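To keep things clear, I will list the structure first and then write my remarks on it.
The values are calculated or read from the model by the stated rules, or taken from the named source; none is laboratory data. Given the structure is predicted, the values throughout are model-derived calculations rather than measurements. So basically every Cβ, Gly included, is an ideal-geometry build from the backbone, and we count neighbours across all protein chains shown. Note: accessible area is taken over every heavy atom of the protein model, side chains too, but ligands, DNA and RNA are not part of it. Shrake-Rupley method; radii C 1.70, N 1.55, O 1.52, S 1.80 Å.
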Amino acid sequence: MTNKIVAIQGNNPSKLNQKTDTSVFLAYEIQKKNYRIFYYDPKNLSIVNSKLRFTLLSILHITNSGLRI
C-alpha cells in the first residue's frame, strides 16, 4: 500500500479566506483522492548541512466550509 501525501506551501490555513482562496479548493479536491495533506510556511524553511529543512503541519479534514488543522 502506498501512502499518498501532498504538501502545500503557503500561509497558515487559519489565516486563509476559506471561501475564496484557491489553496483551500485544491486541498479539498486532493483530499477526495485520499491523500494526506500537509502545509508548510515558507518563512520556516532553512538549510542545515546543505539539506532543506521545514516543519510540516497536518491538515486533518477539509469540508465545504473550510479546513480543520
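Points worth noting:
- For the range 20-34, the set of residues classified as open to solvent by less than 90 Å² (accessible area, probe 1.4 Å) and either farther than 16 Å from Ser58 by Cα or not hydrophobic (A, V, I, L, M, F, W, C) (or both) consists of Asp21, Ser23, Tyr28, Glu29, Gln31, listed by residue number.
- Just so you know, in the range 48-69 the residues that are open to solvent by 70 Å² or more (accessible area, probe 1.4 Å) and β-branched (Val, Ile, Thr) include one that is modelled with the highest pLDDT, and it is Thr55.
- Taking each residue of the range 2-30 that is within 16 Å of Asn44 (Cα to Cα) and looking for partners that are in a loop (DSSP other than H, G, I, E, B) with beta-carbon atoms closer than 7 Å, six or more apart or interchain, yields Ala7/Leu56; Asn11/Asp41; Asn12/Asp41; Pro13/Ile69.
- Residue that is nearest to the chain's Cα centre (by Cα), among those in the range 31-52 that are in contact (Cβ under 8 Å) with a residue 24 or more places away in the chain and part of a loop (DSSP other than H, G, I, E, B): Asp41
- In the range 35-47, the qualifying residues are those that are closer than 16 Å to Ile5 by Cβ and of a type outside the set (D, E, K, R), and the one that is most open to solvent (accessible area, probe 1.4 Å) is Tyr35.
- Checked against (1) modelled with pLDDT of 85 or more; (2) aliphatic (A, V, I, L, M); (3) open to solvent by 40 Å² or more (accessible area, probe 1.4 Å), Ile8 meets all criteria but (3).
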